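To start, the structure itself, in structure tokens.
Please treat every number below as a calculation from the coordinates, not as lab data. Keep in mind the model is a prediction, meaning the values are calculated, not measured. Here the Cβ is made from the backbone with ideal geometry for all residues, glycine too, and neighbour counts use every protein chain on show.
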Amino acid sequence: MIYHLLAEGEVFSAYRGGAIARNIANMMRFDVSRVVVCRVADDTWGYPPERIVILPKLVPYSKIKGRGHFPAWATSWFFRIAFVPLLSRLKAGDIVWCHNQPAYCAALESLIRKKGVKLVFHAHNSITPYYQRYKYRLFCADAMIFVSEALRQESLRSMPWLKNTHTIHNGADEALFYPLPSGKIQHRDVPCILFVGRLHPTKGVDVLMEAMRILQARKVDAICRIVGSSLAGGSKPTSYTRSLVKHAPSNVQFAPYRPGTEIGQEYQNADIFCCPSTWQEPFGNIVIEAMACGIPVVASRVGGIPEIAAEGGVLLVEPGAAIELADAFQKLIADKELRGKVAEEGLSSFTRRFRWSVICKQYAEIVSGL
């Protein structure tokens, strides 16, 4: 069996879960031996109870603010107790596949090794801060997977001793993200630019709004639809989200959070997708989802996004550059043929590189080599 450990901050739910929960759910589709281990789950992904291990002791722990700064000895002691429902099930030959939580690996490695179980660590974000804080050189995974080469290289610069490292990009579900048939495509007089995701300063939504102000000043007809909230699963307004709404130009519209199982329609109804991130985005799931839906993408040249754009489908701009962003929008709006070409390249790249059936074959190769 392969047990996928979801960090305590996420829930395993199609409606309330985040990107990593979605990734695990898709990995489970292609291998019946895969099981998710988490603090809370519901039945919205359609998996039976025997493929979900619940860790109830993680529920109160997940609500403690600042828990990431607890001393390592304390978290290790607690995790060894909290993970008893998993540890009691492990058998020789099993794999514990830990997502984004190195503290789990540090706490559990010696216990799972005694059972003849392999350990895989899957980094969806930078693990360098964890090392700098706790010196998590204390665990040695049998394989380490990074969602982009940029993330892998960053980790190797700060932790050159890492062994058996691999880059495997994320995928998107083509049953949820796909182009509309030509007969169902809406032809709008005013093109729609879409943003989907968390409304957080690192996502660059304020930069996108500034680009829309520039288009308005240039008298370029376009609307921008911003779909999301400050956290996955919907959340209360923050000072940042209130500021966005208060200062939005008239060509910007806001829509509430929609779960991953329903967001495909938003992409299908848009003409251009924008990912204006200002931080080193480890990968960029929303970029490949838009590509899968057959629309051109304008995205920041940060983190793993240039790797996604390597075979077309994405116009790259510098992060935080509102004028450059507006220029890219205007170029695509003015040239319908270019818009179609970029969209076609993106869909072709997605089909070759980012379908889950393709990604899971790469995971299987790593498992077979353990």
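Counting neighbouring Cβ atoms within 10 Å and putting the fewest first, the residues F78, F283 line up as F78, F283. So which residue, out of F354, F79, F273, gets the largest mean-square fluctuation from a GNM of the chain using Cα contacts under 10 Å as springs? Of F354, F79, F273, the Gaussian network model singles out F79 as fluctuating most. Between the helical axis of 322-334 and the dominant principal axis of the chain, each derived from Cα atoms, what acute angle in degrees is found, rounded to the nearest 10? Once rounded, the angle reads 60 degrees.
Put the Cα centre of region 196-266 next to the Cα centre of region 335-361 and the gap is 25 Å.
Result for the chain in a Gaussian network model with C-alpha springs under 10 Å: among D173, D271, D94, the largest mean-square fluctuation is at D94.
Remark: for residue pairs K163/K236; K63/K361; K65/K361; K91/K361; K65/K203, the C-alpha separation exceeds 32 Å in K163/K236; K63/K361; K65/K361.
Working note: Karplus 6.51/-1.76/1.60 with θ = phi - 60° gives region 145-154 the couplings 10, 10, 7, 8, 5, 4, 5, 5, 5, 4 Hz, where Gly and Pro are set to x.
Secondary-structure-derived ellipticity at 222 nm for the chain, considering helices only, amounts to -11500 deg cm²/dmol, per-run term -39500 (n - 2.57) for DSSP H runs with n ≥ 4.
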